[in-house]
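Input: a single structure, listed below in structure tokens.
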Amino acid sequence: MHASEGGFIIENTRISPRDPQVTWQALVADVDNWWPKDHSWWRGTFTIDTTAGGCFCERVGANSAEHMRISLVESPSTLIMTGGLGPLQGMGVYGALAWTLTPVESGTRVTLTYKVHGYAPPAGFVEFAPVVDKVQALQLGALMTYLSQSSDE
């Protein structure tokens, strides 16, 4: 992790027990099954439209939120989304969240890198970055748990 007054870069990596194609499908097609609902606006339904300009969205009833916009899709290796997740959304910061899937002998290495910059919140990015890092690790962990459980079926 790197943090300064102007922004931060965090990176979390885990190994999926599944091959890149299965891991990719879980990441994009099954996001509603693994994304932690306590990291949402309304515990709604999550979708990822895997086209440039597509939406990582949450919907429930008449309510909807664009959590991030899809900027790059290279199936099954790279998904880049831009925007601010959670409280970052209302702060007017810019973020690029990259999911990188790399084949390894035991499955797929999944690396989640989030680069954020903009006007610092009152506590500063240096204090804010570890909180975001922890949340990103939880989200990546949720995907890994989902993939581990689905490999037992």
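Quick one: in segment 39-76, which of the residues that are small (G, A, S) and in a loop (DSSP other than H, G, I, E, B) is most open to solvent (accessible area, probe 1.4 Å)? Reasoning before the result, please.
At the first step, the residues of segment 39-76 found to be small (G, A, S) are 40, 44, 52-54, 61-62, 64-65, 71, 75.
Filter once more, so that each one left must be in a loop (DSSP other than H, G, I, E, B): 40, 44, 52-54, 61-62, 75.
Values: S40: 29, G44: 5, A52: 83, G53: 39, G54: 3, G61: 83, A62: 108, S75: 74 Å².
The qualifying residue most open to solvent (accessible area, probe 1.4 Å) is A62.
Within segment 79-89, is there a residue that is under 21 Å from L138 (Cβ atoms), small (G, A, S) and in a loop (DSSP other than H, G, I, E, B)?
Within segment 79-89, one or more residues are under 21 Å from L138 (Cβ atoms), small (G, A, S) and in a loop (DSSP other than H, G, I, E, B).
Residues of segment 84-135 being of a type in the set (F, W, Y) and open to solvent by less than 70 Å² (accessible area, probe 1.4 Å), which ones?
W99, Y114, F125, F128
Report yes if some residue within segment 17-38 is open to solvent by less than 30 Å² (accessible area, probe 1.4 Å) and part of a strand (DSSP E or B); otherwise report no.
no
Which condition number in (1) touching a Lys or Arg at 6+ places or on another chain (Cβ under 6 Å); (2) within 21 Å of T23 (Cα to Cα) is the one that E74 fails?
That leaves (1) as the condition not met.
The values are calculated or read from the model by the stated rules, or taken from the named source; none is laboratory data. Since we're looking at a predicted model, the values are computed, not measured. So basically every Cβ, Gly included, is an ideal-geometry build from the backbone, and we count neighbours across all protein chains shown. When the accessible area is computed, the model is the full protein with side chains, heavy atoms only, and any ligands, DNA or RNA have been set aside. Shrake-Rupley method; radii C 1.70, N 1.55, O 1.52, S 1.80 Å.
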